[in-house]
Every structure is written in C-alpha cells, then in structure tokens.
1. Please work out if LYS76 is in contact with a strand residue (DSSP E or B) (Cβ under 7 Å, 6 or more places away or on another chain) and farther than 19 Å from GLY116 by Cβ.
2. State the number of residues belonging to the stretch 1-38 that are under 24 Å from ARG65 (Cα atoms), hydrophobic (A, V, I, L, M, F, W, C) and touching a Leu at 6+ places or on another chain (Cβ under 7 Å).
3. Of the residues PHE29, PHE68, which is at pLDDT below 95 and either touching a helix residue (DSSP H, G or I) at 6+ places or on another chain (Cβ under 8 Å) or under 18 Å from ASN16 (Cα atoms) (or both)?
4. Quick check on the stretch 1-43: of everything there that is of a type in the set (S, T, N, Q) and under 12 Å from the mean Cα position of the chain (by Cα), which residue is farthest from LEU86 (Cα to Cα)?
Amino acid sequence: QVQLVESGGGLVQAGNSLRLSCAASLRTFSTYTMGWFRQAPGKEREFVAAIGWSTYTTYYADSVRGRFTISRDNAKNTAYLQMNSLKPDDTAVYYCAAKNGVLARTGGSYDYWGQGTQVTVSS
C-alpha cells in the first residue's frame, strides 16, 4: 500500500521559514512526479509546486514563486518544500501528492496523496 506522509508543519510568524517533508513508500519513487498542494479554510485546494522525475524540472504557483523551493532526494524517497518569507495567506493544510508521468498542476492527475500537515502563519 502506497503511503505519503507529510511532516514539518507548524505555527510560525510572518517572515519566517518552514521546511515540509514528504516521505513516500513508493517502490520506484524516482519515477514519480511529486507535487505539493494546499487548502485553506473555506477555499478550494490549490497547486503550490511540483518537481519532475527525470529532469527535475519544477513548476510553481505564481503566489509562491521566489519564496518556496521544491526538491527531492530519491535516495531517501522524500520530497521537500522549503517555504521562506511566509505570509498569513500561506496558512493552509499542505498536501503531498505523487503521479506517474509528466509534471502537472491539476490535482486530479495525481495518483497518491498524503494526509496533510497544517501550516499556520501569524501576522
């Protein structure tokens, strides 16, 4: 059974940083595109960032580009989301997701999802 487990969330003040981790039980982790999504209270889930499996190409949402960095360590079956200069608008539950094939920004194209980790940014 595939499991994605997020960690690293918490409560921080605006301007500070957090690093989220996503540990995956995927046997062939290195062949999966990994993505991060988030959902704030009362809002729809939105794309945050994704990293490809072959060329490590990355996509970012406009709202986080320049502040967040997605990365992966295939030897550890883990994806990361480094979040700098956090804003109150970044407050949400953050989800890790995995998919076969090319990069995508649409959540519906991802095959596996984690349970999420809460990130709260105070002003």
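The values are calculated or read from the model by the stated rules, or taken from the named source; none is laboratory data. Since this is a predicted model, take the numbers as computed values, not measurements. So basically every Cβ, Gly included, is an ideal-geometry build from the backbone, and we count neighbours across all protein chains shown.
1. On the way: in contact with a strand residue (DSSP E or B) (Cβ under 7 Å, 6 or more places away or on another chain): no; farther than 19 Å from GLY116 by Cβ: yes.
No: the conditions fail for LYS76.
2. Qualifying residue count, the stretch 1-38: 6.
3. Details: PHE68 fails: at pLDDT below 95.
Criteria check complete, one pass: PHE29.
4. THR33
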